[in-house]
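Undergrad: What follows is a single structure, and I will ask about it in a moment.
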Amino acid sequence: MNLVMIGTGYVGLVTGLGYAKLGHRVACVDTDVTKVAGLDRGEAPFYEPGLPELLREMQEAGRVMFSTDLADVIGGADVIMIAVGTPSQPDGFADLSFVEAAADRIGTLLDHEALVVVKSTVPVGTNRRVLDRIRRKMGEAGREALTSLVTVASLPEFLRPGFALRDFMEPDRVVIGAEDAVAQGTLDRLHDGIDAPRVFLSVESAELTKYAANALLATKVSFINEIANIAERFGADVREIARAVGLDRRIGPHFLEAGIGYGGSCFPKDVSALYQMAGTTGYDSRLIATVIEVNNRQRERFVSMVEQDLGGVRGRRLAVWGLAFKGGTDDVRGSAAIDVVRRLVGLGAEVVAFDPKATELARRMLPEQVAYAPTAVDAATGADALLVLTDWQEFKDVSFEAVRDRMAEPRVFDGKNLLADCGLEKFGFVYRGVGIKSR
Ligand code: NAD
């Protein structure tokens, strides 16, 4: 098939290349001129394992091309996919302006039969509004007669940064929200070669499924953080509890890791958008409101713990390991680590940070007083405490003897419980995790 992907961010680029790998011809469009120029040169615009190799492979095979203008590539497109951002507005609602701009542009240019697919995470009702906008623009352009040739379908994306290529090729399921059998069939065939169950549902159900999935995962995180806070008071260990609870097949082991809470470009904005979306119908979702509140409080609690144990952080030198919202990515959007560092700087701490991949992007979001070190050990040099804020697995391999020898005080606050099993006490550290008895 001929596929046009609008938006070459984490989702658009990964899935665009993924569809090319499946054998389709893919044209990726992005309004970001610098990004498109880099992609043309074969440069991936963000860190994702395997992405540069797949980009090169698909470019060499001639199955992917990049453009800044939809007009150049829309001719002959069977499927046009919208994968632009839907960030949070200050009031928590999803900002749909990028989706609307993409829809208007499609309507202005489209002059043949096509299936428009919304891959962006959007509130219920957006797909229908996208179809209305496209048809209105077609009408304005004098193509009223062709409007019945356009259909819209919802294809929510569930990939995880850090595992994005694998998640595309081996998803748990493909969720297809389409009203008619033709659109269902097209999207089924688009995924030929992907061995995963197809879930066909209504457009509205598909839109809500993405929010439900993210909200449920966020709920698990807030739930285990509540248990961690209770466990601390009784001298129990949340990791032992999470393991025992997670072995129950009805519950499962994932997203039961206590710490400084969830972050990222999806969970915080999607959980807020779900709450606001429900509110527009007059429904006040207490559960979702509490998930958000617990998550925010978890960051505050961590900062308070550091403050209390150090007797205040003003003028204290703190080493921070990790700024990305999770290990394996350079994505810092909505990162709990960024929030924690901002709060500590606000309280007068001197922060020296290290992240294996996210330093450059984090630098743009953090106060200028924050210093950056080239290695984890350098960040720890002279520090009064070390804070682990991202679960980069490679932090476990750092020489803890070297870290101890360089620090002013061998003290670790672990916001991810990442080093809990590394025997830091043996090296002379005072170690504190979240929901773990202090040792
Ligand atoms: P992103 O911000 O990384 O990328 C969006 C891209 O769209 C940018 O490159 C931007 O320049 C481009 N763009 C904006 N308006 C455009 C237009 N009118 N025409 C062409 N290009 C345009 O966003 P993302 O992280 O890829 O997320 C995209 C959507 O997918 C969001 O709705 C998000 O919630 C959802 N999603 C994201 C993830 C994830 O892990 N990042 C996972 C699942 C779903």
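Undergrad: Could you say which residue among R128, R160 is open to solvent by 50 Å² or more (accessible area, probe 1.4 Å) and either within 30 Å of G327 (Cα to Cα) or at pLDDT below 95 (or both)?
TA: Result of the check over R128, R160: R160.
Undergrad: Could you say which residue among G279, G252, G246, G315 is within 30 Å of T375 (Cβ to Cβ), of a type in the set (G, A, S) and not assigned by TED's automatic domain parsing to the domain that holds G125?
TA: Going through G279, G252, G246, G315 in turn, just one is within 30 Å of T375 (Cβ to Cβ), of a type in the set (G, A, S) and not assigned by TED's automatic domain parsing to the domain that holds G125: G315.
Undergrad: Among the helices (runs of 4 or more DSSP H) contained in segment 125-206, which hold 3 or more residues that are in contact with a Ser or Thr (Cβ under 8 Å, 6 or more places away or on another chain)?
TA: By residue number, 126-140.
Undergrad: I need the full set of residues from segment 391-439 which are among the β-branched types (V, I, T), out of contact with any Leu (no Cβ under 6 Å at 6 or more places or on another chain) and at pLDDT 95 or above, in order please.
TA: V398, V403, V430, V434
Undergrad: Keeping to segment 116-130, report how many residues are within 13 Å of the ligand (Cβ to nearest atom), farther than 16 Å from S148 by Cα and not basic (K, R).
TA: 6
Undergrad: Any residue in segment 62-88 that is on the phi < 0 side of the Ramachandran plot sitting within a Cβ distance under 7 Å of a residue that is of a type in the set (K, R) and modelled with pLDDT of 95 or more? List the pairs, counting only those 6 or more apart or interchain.
TA: The qualifying pairs are R63/R25; L70/R105; M81/K119; I82/K119; A83/K119; P87/K269; S88/K269.
Undergrad: Against the conditions (1) within 25 Å of G327 (Cβ to Cβ); (2) within 10 Å of the ligand (Cβ to nearest atom), where does L55 fall short? Just the number, please.
TA: Checking L55 against (1) within 25 Å of G327 (Cβ to Cβ); (2) within 10 Å of the ligand (Cβ to nearest atom), the one that fails is (2).
Undergrad: Just one of G7, G76 is more than 14 Å from the ligand (Cβ to nearest atom) and either closer than 24 Å to T151 by Cα or open to solvent by 20 Å² or more (accessible area, probe 1.4 Å) (or both); which is it?
TA: G76
Residue-wise test of (1) in a loop (DSSP other than H, G, I, E, B); (2) open to solvent by less than 20 Å² (accessible area, probe 1.4 Å).
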{"site": "F325", "(1), (2)": "yes, no"}
{"site": "D331", "(1), (2)": "yes, yes"}
{"site": "G334", "(1), (2)": "yes, no"}
{"site": "P356", "(1), (2)": "yes, no"}
{"site": "E368", "(1), (2)": "yes, no"}
{"site": "D391", "(1), (2)": "yes, no"}
{"site": "R404", "(1), (2)": "no, no"}
{"site": "E409", "(1), (2)": "yes, no"}
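Undergrad: With R239, R233, R249, R173 as the choices, which residue is closer than 26 Å to K326 by Cα, free of Cβ contacts under 8 Å to residues at least 24 places away in the same chain and basic (K, R)? Quick ask: steps written out before the conclusion?
TA: On the way: R239 fails: free of Cβ contacts under 8 Å to residues at least 24 places away in the same chain; R233 fails: closer than 26 Å to K326 by Cα; R173 fails: free of Cβ contacts under 8 Å to residues at least 24 places away in the same chain.
From the options R239, R233, R249, R173, the qualifying one is R249.
Undergrad: While we're looking at this one, here's another question. Say we look at segment 86-115 and pick out the residues that are in contact with a Ser or Thr (Cβ under 7 Å, 6 or more places away or on another chain) and either within 23 Å of H24 (Cβ to Cβ) or part of a loop (DSSP other than H, G, I, E, B) (or both); which of these is nearest to the ligand (Cβ to nearest atom)?
TA: Ranking the candidates gives T86 first.
Undergrad: Confirm whether V36 is assigned by TED's automatic domain parsing to the domain that holds E179, under 24 Å from the mean Cα position of the chain (by Cα) and part of a helix (DSSP H, G or I).
TA: yes
Undergrad: Return the total of residues in segment 137-146 being surrounded by 15 or more Cβ atoms within 10 Å (Cβ to Cβ) and closer than 12 Å to I106 by Cα. Spell out the reasoning first.
TA: Step one: filter segment 137-146 for residues surrounded by 15 or more Cβ atoms within 10 Å (Cβ to Cβ), giving 137-138, 143, 146.
With the extra rule that they be closer than 12 Å to I106 by Cα, the set shrinks to 137-138.
Here the count works out to 2.
Undergrad: For T15, state whether it is surrounded by fewer than 24 Cβ atoms within 10 Å (Cβ to Cβ) and within 12 Å of the ligand (Cβ to nearest atom).
TA: No; evaluated as a whole, the condition is false for this residue.
Undergrad: Further question: For the structure I just gave you, tell me whether A218 is open to solvent by less than 10 Å² (accessible area, probe 1.4 Å), among the small types (G, A, S) and within 16 Å of the ligand (Cβ to nearest atom).
TA: On the way: open to solvent by less than 10 Å² (accessible area, probe 1.4 Å): yes; among the small types (G, A, S): yes; within 16 Å of the ligand (Cβ to nearest atom): yes.
Judged against the criteria, A218 is a match.
Undergrad: Any residue that is more than 19 Å from P87 (Cβ to Cβ), within 16 Å of the ligand (Cβ to nearest atom) and at pLDDT 95 or above - is there at least one of those in segment 143-150? Talk me through it step by step, then tell me what you get.
TA: Pass one, segment 143-150, residues more than 19 Å from P87 (Cβ to Cβ): 143-150.
Among the residues that remain, those that are also within 16 Å of the ligand (Cβ to nearest atom) are: none.
No, that holds for no residue.
Undergrad: Residues being open to solvent by 40 Å² or more (accessible area, probe 1.4 Å) and either away from the ligand (no atom under 11 Å from the Cβ) or assigned to a helix (DSSP H, G or I) (or both): count how many of those fall in segment 18-33.
TA: Just the residues of segment 18-33 that are open to solvent by 40 Å² or more (accessible area, probe 1.4 Å), to begin with: 21-23, 25, 31-33.
Now narrow it down to the ones that are either away from the ligand (no atom under 11 Å from the Cβ) or assigned to a helix (DSSP H, G or I) (or both): 21-23, 25, 33.
Residues flagged as open to solvent by 40 Å² or more (accessible area, probe 1.4 Å) and either away from the ligand (no atom under 11 Å from the Cβ) or assigned to a helix (DSSP H, G or I) (or both) within segment 18-33 amount to 5.
The values are calculated or read from the model by the stated rules, or taken from the named source; none is laboratory data. Here the structure is a predicted model, which means the values were calculated and not measured. Reconstructed Cβ throughout: ideal geometry from the backbone, glycine too, with neighbour counts over all protein chains shown. Each accessible area value is taken on the protein alone, full model and side chains, heavy atoms only, with ligands, DNA and RNA left out. Shrake-Rupley method; radii C 1.70, N 1.55, O 1.52, S 1.80 Å.
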